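Single-structure report; data block below.
The values are calculated or read from the model by the stated rules, or taken from the named source; none is laboratory data. Because the structure is predicted, anything quoted here is derived from the model rather than measured. Using ideal geometry, Cβ is built from the backbone for each residue, glycine included, and neighbour counts are taken over all protein chains shown.
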Amino acid sequence: MRQTYTGPEIKVFWEYVVYLLVRLVEEAFCLLPSHDTALSIGRLLGRLMFLLAWDRRKAAIENLHIAFGDAMSPDERRALARKNFEHLGMLAVEFFRIRRWGQEEIAERLVIKGKENFDLAWAPGQHGIFYVAAHYGSFEVLAAVSKFLGLRGNLIVTKAPNRFVNKRMLFQRGGSESGLSILPHTGIVKHVIKALQEGEMAVVLADQRGDDTRPVWVDFFGVKALANGVFAKFAMEGKAHTFPVVATRMADGRYLCRFEEEIPIQSTGDYEQDLMVNSQRFHRVFERWLREDPSQGFWMHRKFKRKSKRKRLAEASSPGSHPLRFRKTG
């Protein structure tokens, strides 16, 4: 009798094929003896993506226009968007190679700044530690930092649409020696809050765009943008000490990891207002990072509310006007 395969079985088969191809790419990058050579290839792949991914390229250029306005010329925005795609290509290479770094290579490649803030966070006491990062810089390096410093805690990530990539790659950030427990970003709100209340550590990329059905608006580059209020919720209900942490790529091939000063968490009893205020405090930090070096941002990320093509054309014909721009008074 001829065997037939169901839709789910075929889907699992193709997911495994894709996973094997990803593993093949990983092995190819990890066989390269030089990390700098691997990053150069990643940079070239980013340039190729810039040419082929026209929709994402347009989104990145538009986001740069929204953020920086006429302070950048069209040519400057396009050049910066291309550098951003190169950065993303290098970030993909780092994802593969960093998982295999040993302590010696981490020590050679890592520069840590803000040790006093790190020590303050880990001072004895009945409190959780909540690290807020963003889609900025070499955020994959943060998993290696946890291994290097011997940290244990929870890292919240967005799952890929492939169960094998999730289980064997995304959920093994930092390699087998890392003390991080990788959690999917869905269905874990109560778990994270409870972990923080019990004194554990959690790390999130807190710049993700919010949901229109539960809007938390923030001022981001002078423009109204939706924040995801769940990250402020973690800090508030978890009663955690909240610190920004960021890793950026340096010109000499090393990575600078900065533990910055604690972000005060407002808790007045007006829950919705506190969500907005604390989300705004997070985004002030993220905006500062992006202004420091916009080439290491994630500008293809649809952070700003998208407008129809007709509205974009109308706005382009009216210099200086922006319907979402915050207006300063007084």
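Given the options E94, E116, E108, E140, name the one that is closer than 18 Å to D207 by Cα and of a type in the set (D, E).
Working: E94 fails: closer than 18 Å to D207 by Cα; E116 fails: closer than 18 Å to D207 by Cα; E108 fails: closer than 18 Å to D207 by Cα.
Exactly one residue qualifies, and that residue is E140.
In this structure, does G153 turn out to be in a loop (DSSP other than H, G, I, E, B) and in contact (Cβ under 8 Å) with a residue 24 or more places away in the chain? Give the derivation first.
Numbers: in a loop (DSSP other than H, G, I, E, B): no; in contact (Cβ under 8 Å) with a residue 24 or more places away in the chain: yes.
No; evaluated as a whole, the condition is false for this residue.
So which of R109, R100, R78 ends up being at pLDDT 95 or above and basic (K, R)?
On the way: R109 fails: at pLDDT 95 or above; R100 fails: at pLDDT 95 or above.
The conditions single out R78.
So W54 clears everything in (1) more than 21 Å from the chain's Cα centre (by Cα); (2) aromatic (F, W, Y); (3) surrounded by 10 or more Cβ atoms within 10 Å (Cβ to Cβ) except one condition, right? Which one?
(3)
Answer yes or no: is there a residue in the stretch 76-93 that is within 28 Å of L20 (Cα to Cα), touching an Asp or Glu at 6+ places or on another chain (Cβ under 7 Å) and hydrophobic (A, V, I, L, M, F, W, C).
yes
Return the residue satisfying two criteria in turn: it lies in the stretch 236-262 and is of a type outside the set (D, E, K, R) and part of a helix (DSSP H, G or I), and of such residues it is surrounded by the most Cβ atoms within 10 Å (Cβ to Cβ).
Taking the stretch 236-262 and keeping what is of a type outside the set (D, E, K, R), we get 236, 238, 240-248, 250-251, 253, 255-257, 259.
In the following step, the residues that additionally are part of a helix (DSSP H, G or I) were identified as 236, 238.
Values: M236: 20, G238: 24.
Among those residues, the one meeting the criterion is G238.
Looking at the stretch 138-167 only, could you name the residues that are in contact with a helix residue (DSSP H, G or I) (Cβ under 8 Å, 6 or more places away or on another chain), among the small types (G, A, S) and farther than 24 Å from R23 by Cα?
Hit for the stretch 138-167 is G153, nothing else.
Among the residues of the stretch 34-45, are any loosely packed, with under 11 Cβ neighbours inside 10 Å and over 27 Å from H301 (Cα atoms)?
yes
In the stretch 93-104, how many are in contact with a helix residue (DSSP H, G or I) (Cβ under 8 Å, 6 or more places away or on another chain) and either of a type in the set (D, E) or crowded, with 18+ Cβ neighbours inside 10 Å (or both)? Before the answer, list the steps.
To start, the set of residues in the stretch 93-104 that are in contact with a helix residue (DSSP H, G or I) (Cβ under 8 Å, 6 or more places away or on another chain) comprises 93-94, 96-101, 103.
Within this subset, residues satisfying the condition of being either of a type in the set (D, E) or crowded, with 18+ Cβ neighbours inside 10 Å (or both) are 93-94, 96-99, 101.
Matching residues across the stretch 93-104 total 7.
Whether any residue in the stretch 169-178 is of a type in the set (S, T, N, Q), crowded, with 18+ Cβ neighbours inside 10 Å and at pLDDT 80 or above is what I want to check.
Going through the stretch 169-178, the residues of a type in the set (S, T, N, Q) turn out to be 172, 176, 178.
Within this subset, residues satisfying the condition of being crowded, with 18+ Cβ neighbours inside 10 Å are 178.
If we keep only those that are at pLDDT 80 or above as well, we get none.
So far as the stretch 169-178 goes, no, none of its residues is of a type in the set (S, T, N, Q), crowded, with 18+ Cβ neighbours inside 10 Å and at pLDDT 80 or above.
Would it be correct to say that V189 is in contact with a helix residue (DSSP H, G or I) (Cβ under 8 Å, 6 or more places away or on another chain), β-branched (V, I, T) and within 29 Å of V22 (Cβ to Cβ)?
Spelling it out, it is not the case that V189 is in contact with a helix residue (DSSP H, G or I) (Cβ under 8 Å, 6 or more places away or on another chain), β-branched (V, I, T) and within 29 Å of V22 (Cβ to Cβ).
For the stretch 54-68, check the following and say yes or no: at least one residue is part of a helix (DSSP H, G or I) and more than 30 Å from F221 (Cα to Cα).
No, the conditions are met nowhere in the stretch 54-68.
Can you tell me which residues in the stretch 263-287 are surrounded by 14 or more Cβ atoms within 10 Å (Cβ to Cβ) and part of a loop (DSSP other than H, G, I, E, B)?
Result: I265, Q266, S267.
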